[in-house]
Amino acid sequence: MINPFTNFFSSIINLKSNDGSAIGVDIGTSAIKIVEIKKQSGKAMLETYGSISLGPYAELDAGRVTNLPIDKIAEALKEVLKQSGVSDTNIAISLPVQSSLIFTLELPPQIQENEIASIVPTEARKYIPVPIAEVSLDYFILPPREASFEDMNTSSGDDNERRDSVEKKNILVVATQNDIISKFRSIVSAASLSASFLEIEIFSSIRSNFEHELSPVLLIDFGASRTKLSIVEFGMLKSYHTINRGGADISDSIAKSFDIVFSEAEKMKKEFGFFESVANKNLADIIRIHIDYIFSEANNVMLTYEKKNERVISKVIFTGGGSLLKGLPELAVTNFKGEVEIGHPFSKVNAPSFLEKVLENMGPEFAVSLGLALRKLQ
């Protein structure tokens, strides 16, 4: 029987051997992306990667945002694993960040670490708008903030207050909806797989995009339905925000403005981006409306963080499929007036040299799935 979805696969590549490996699965709103790696001589080696659009499973164009039932997602997951040559049934899978609430608790410095586990659920109730029984809690103790030059050069009246602020224990709390966890476990089960762990997507993305940055960095993840902003310092998430605008919104605007179907708009967006063609003089203006909004929100987030923490955000890293928009980095440098780079997740794994350029260009799309696989391989 002919597979009706063959044309909606992309980036399928197989370099597999028979050794044990780690598989990361990123189930997004418009596509599923998988990466398989293995450890060889102490290094992570790329085995295979692939993606499949979810639009056709909802009788929509590739690139469209979907809300598929469990059985359809499981069907797509099985298909992309099959097409990628993955035979292992144990995977690591991401959870959508919109299913979670991420916030920071400040606890008095005298609180002992062995007391935190019992304190977090009580304090978290103040931030969670649903009954605590409906969420699963996880927490991380953030490294103490270093005293700044200003902290050490204040008058005695303010000194104690600033010192207390520096010494307080900061706890990053993640509250995830139980019904979302249940849904993704059902997807795994329906696909005849098992999951060694589930992880909020942003933590996977941080793992694959960051090296040893010491100053605060803003990670902007351009997704299909949302753009996610994460401020990361010393490898730890310090602040998180979601913008309800993504790549699919841009394609929708292009389709409406030029009176074309979504698939053509998606193609036009990827082909030209901010680089206009003679036939599409208004394309850059249409795209810029959305990007300007995202950048404006990002600037507000950066300014708020810098004022509160007296720390300058030194760099902006782009990731996610939308970060591949042509001309975006050049526009970003002007907007953020600082260092801007496109994430290169695949730099963390070894792969054949002939794939170097391909992996660099496609890496941002696979940041989450690679980050999951890297954790599983540890």
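Per the Debye calculation on the stretch 211-343 with a single equal scatterer at every Cα and no solvent contribution, log₁₀ I(q)/I(0) for q = 0.14 Å⁻¹ amounts to -0.62.
Spatially, the stretch 173-222 and the stretch 283-316 are offset by 24 Å when compared through their Cα centroids.
When the inverse distances between all different Cα atoms of the stretch 294-378 are averaged and flipped, the Kirkwood radius reads 14.6 angstrom. Partners of residue 126 within straight-line reach, counting aspartates and glutamates whose Cα lies under 14 Å from its Cα and excluding those fewer than 8 residues away in the same chain: 106. To the nearest 0.05, what FRET efficiency results for residue 178 and residue 280 with a Förster distance of 56 Å applied to their C-beta separation? Taking R0 as 56 Å, the efficiency between residue 178 and residue 280 is 0.75. Projected onto planes of every orientation and averaged, the convex hull of the alpha-carbon atoms in the stretch 164-228 covers 7.3 nm².
Close amide H contacts of residue 91 (hydrogens built in the peptide plane, cut-off under 5 Å, sequence separation of 5 or more or a different chain): 194, 195, 196.
Taking 0.36 nm per residue of sequence separation and removing the Cα-Cα distance, the residue 361/residue 189 pair yields an extension gain of 58.6 nm. As a rough guide to protection, the peptides 101-108, 199-206, 262-269 ranked by mean Cβ packing within 10 Å, highest first, stand as 199-206, 262-269, 101-108.
Charge dipole of the chain (Cα centre as origin; +1 on each Lys and Arg Cβ, -1 on each Asp and Glu Cβ, all else neutral): 660 debye, rounded to the nearest 20. Ignoring aspartates and glutamates fewer than eight residues from residue 72 along the same chain, the ones with Cα atoms less than 20 angstrom from its Cα are 26, 59, 61, 179.
Return the single residue from 249, 292, 61 with maximal mean-square fluctuation; model: Gaussian network over the chain, springs between Cα atoms under 10 Å. Highest fluctuation among the options: 292.
Here the chain carries DSSP beta bridges of which approximately 75% are antiparallel, counting only pairs with both residues inside. Each semi-axis of the equivalent ellipsoid for the chain is √(5λ) with λ an eigenvalue of the Cα gyration tensor; in descending order they amount to 35, 27, 20 Å.
Mean separation of Cα pairs under 8 Å and 6 or more residues apart, divided by the residue count, gives the stretch 211-343 a relative contact order of 28 percent.
Taking 16 Å as the cut-off, the amide N atoms of the stretch 193-223 that come nearer than this to a point 7 Å along the Cα-to-beta-carbon line of residue 378 belong to 196-213. Considering only 309, 49, 248, the residue lying farthest towards the positive end of the dipole of the chain is 49, judged by Cα position with unit charges set on Cβ. If you run the Gaussian network model on the chain, springs between alpha carbon atoms under 10 Å, then out of 133, 351, 124 the most flexible one is 133. The calculated 222 nm mean residue ellipticity attributable to helices in the chain amounts to -11500 deg cm²/dmol, summing -39500 (n - 2.57) over DSSP H runs of n ≥ 4 and dividing by all residues. Taking only the alpha carbons of the stretch 266-344, we obtain Rg and Dmax values of 14.2, 48 Å in that order.
Only the coordinates and a few stated rules stand behind these numbers; no lab work does. Bear in mind the structure is a predicted one, so any value in this text is a computation, not a measurement. Using ideal geometry, Cβ is built from the backbone for each residue, glycine included, and neighbour counts are taken over all protein chains shown.
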